[in-house]
Amino acid sequence: MCTSFTIIPTEQPTVSSPIAITVSQHLITDSTLHIDDEATVLYNAINLSAYGLSAEAFNYAWTGYQELLERNKIRRINYLTICDFSQSSGKKRLYIIDIENQRLVTNTYVAHGKNSGGEFATTFSNKPESLQSSLGFYITSSTYIGKHGLSLRINGVDPGYNDKALERTIVIHGAAYVDPARAKAGVFMGRSWGCPAVPEKESASIINTIKEGSCLFIYHPGKNYLLGSKILNG
């Protein structure tokens with residue numbers, strides 16, 4: 001089982017109007033912009049701070065995303081998905097960003113592994129049977145129908161941190177224990193066996209949006225991963 005809670009805002013903030021960024025195979029094409037500047041421009045254009053995503057989390061996601069583009073690992077370049085485990089499991093901490101159109105497509109709840117923590121995820125592992133979440137960058141793969149219905153395989157591409165995801169059957173799937181009603185009641189969400197499980201009513205839409213080759217980043221501010229990731233640090 002999974003356990004987590006969330007606070008539902010009464011009003012969603014308004015996303016800023018798109019600014020003039022030309023998106024190509026390598027996205028922002030102004031060669032004078034440093035990667036950190038690119039991240040700042042996009043972060044502010046979408047007004048991601050209003051949805052609770054920190055600039056630090058987005059900057060790391062953008063850095064790794066650009067590195068994976070350079071390595072030709074991403075087939076579907078329009079979407080960048082960020083799972084921000086620095087936040088309470090009671091917050092809407094999953095973000096699906098449409099980079100080309102500079103908008104937030106989805107902002108919802110997501111579970112972490114039962115052995116990663118209670119309300120907050122604090123411990124992570126790449127080991128089979130750990131029942132913990134794994135940090136880092138993933139490339140989404142194919143779908144299948146399993147015990148949780150439509151599910152999405154995710155391929156961990158961060159060596160040593162999540163590259164056993166397929167072996168561990170870490171997938172995106174819907175789960176009854178990830179439910180906005182729990183957040184409203186002040187009860188933290190259920191926890192998974194390591195999968196980033198999402199609300200059942202939203203799972204099909206989420207999976208069909210990001211399947212087959214888009215980038216997913218599971219973030220936490222712990223220095224072990226941030227300093228050790230070969231994707232973030234070359």
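Points to keep in mind about this one:
- Region 24-125 shape via C-alpha gyration tensor axes, a/c threshold 1.5: prolate
- Exposure proxy ranking, count of Cβ atoms within 10 Å, fewest first, for Trp62, Trp193: Trp193, Trp62
- Counting only GluC sites (Glu not before Pro) that DSSP places in a loop and that have at most 12 other Cβ atoms within 10 Å, the longest clean stretch of the chain runs over 12-128.
- Within the chain, longest stretch free of exposed trypsin sites (Lys or Arg not before Pro) [DSSP loop, at most 11 other beta carbons within 10 Å]: 148-234
- Relative to the current alpha-carbon distance between Glu70 and Glu212, full extension at 0.36 nm per residue lengthens the span by 49.3 nm.
- In plain terms, the residue of Tyr177, Tyr43 with the fewest other Cβ atoms within 10 Å comes first and the most crowded comes last, giving Tyr177, Tyr43.
- Around the Cα centre of the chain, unit charges on the Cβ atoms of Lys, Arg, Asp and Glu (plus for the first two, minus for the last two) sum to a dipole of about 800 debye.
- Here the chain is treated as a sphere whose radius is the Kirkwood value from Cα pairs; by Stokes-Einstein at 10 °C and 1.306 mPa s it diffuses with a coefficient of 91 µm²/s.
- Farthest towards the positive end of the charge dipole of the chain, among the residues Ser125, Ser86, Phe217, is the Cα of Ser125, using unit charges on the Cβ of Lys, Arg, Asp and Glu.
- When DSSP beta bridges are restricted to pairs lying wholly in the chain, around 75% turn out antiparallel.
- Spacing of the two label points (7 Å from each Cα toward its C-beta) at Lys164 and Glu129, in nm: 1.0
- Counted charge near Ser192, where neighbours are those whose Cβ lies closer than 12 Å (Asp, Glu -1; Lys, Arg +1): +3
- Net charge of neighbours whose Cβ lies under 12 Å from the Cβ of Lys211, counting Lys and Arg as +1 and Asp and Glu as -1: +2
- Farthest toward positive dipole pole in the chain [+1 Lys/Arg, -1 Asp/Glu at C-beta], among Ile46, Thr169, Val110: Thr169
- Remark: for residue pairs Lys73/Lys211; Lys92/Lys164; Lys73/Lys201, the C-alpha separation exceeds 21 Å in Lys92/Lys164; Lys73/Lys201.
- Modelled spin-label separation between Thr122 and Ala50, with each label point placed 7 Å from Cα along the Cα-to-Cβ direction: 3.4 nm.
- In range of the label at Ala181: residues from region 191-208 whose backbone nitrogen is under 19 Å from the point 7 Å along Cα→Cβ: 191, 198-204
- Legend: ranking of residues His173, His148 from fewest to most surrounding C-beta atoms inside 10 Å; resulting order His148, His173.
- Cα gyration tensor shape for region 70-176, rounded if a/c is under 1.5, else prolate or oblate: rounded
Taken together, the values in this text are just the output of simple stated rules run on the coordinates, not laboratory data. What you see is a predicted model; the values in this text were computed from it and never measured. FYI the Cβ positions are ideal-geometry reconstructions off the backbone, even for glycines, and counts take in every protein chain you see.
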